[in-house]
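Below is one structure, written out as structure tokens, with a few remarks after it.
The values are calculated or read from the model by the stated rules, or taken from the named source; none is laboratory data. Keep in mind that what you see is a predicted model, and the values were worked out from it rather than measured. Using ideal geometry, Cβ is built from the backbone for each residue, glycine included, and neighbour counts are taken over all protein chains shown.
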Amino acid sequence: MEFKQLKRRIANFDDKAFTRHVYGISNEFGLVAIVYADHEQDALDAAVDNNALESELMSPEDYKEYRENGWDDSYILAGNASEPFWAENLSIRQIR
């Protein structure tokens with residue numbers, strides 16, 4: 001991946017000076033977002049709030065079915081709005 005492509009995946013560049021770490025968030029197809037944050041939950045929330053994880057957003061019907069059946073390990077609630085996102089194929093790794 002070229003630098004220009006990587007730069008487009010940075011979700012919150014303005015937070016660079018205020019955080020300690022850099023995280024990479026990937027799905028089954030590869031890198032989805034690069035996020036500046038102090039810990040993993042902040043990284044996920046920042047990625048969601050900056051629309052970097054839209055491809056992982058669950059439909060309301062799926063969320064209702066999974067919640068009713070107790071399949072809580074398949075999704076996460078993230079972002080300021082605590083929206084449900086698929087978590088089965090998401091991975092997060094501290095880069096720096």
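Only one of I95, I76 is within 13 Å of the chain's Cα centre (by Cα) and either closer than 19 Å to A11 by Cα or of a type in the set (S, T, Y) (or both); which? Show your work before the answer.
Working: I95 fails: within 13 Å of the chain's Cα centre (by Cα).
Being within 13 Å of the chain's Cα centre (by Cα) and either closer than 19 Å to A11 by Cα or of a type in the set (S, T, Y) (or both) holds for just one of I95, I76, which is I76.
Just name the residue that is nearest to I92 (Cα to Cα) out of those in the range 11-60 that are among the small types (G, A, S) and touching a helix residue (DSSP H, G or I) at 6+ places or on another chain (Cβ under 6 Å).
A33
In the range 18-72, how many residues are basic (K, R), at pLDDT below 90 and surrounded by 12 or more Cβ atoms within 10 Å (Cβ to Cβ)?
The qualifying residues number 0.
Find the residue count for the range 59-87, including only residues that are in a loop (DSSP other than H, G, I, E, B) and over 18 Å from E40 (Cβ atoms).
Looking only at that region, the number is 5.
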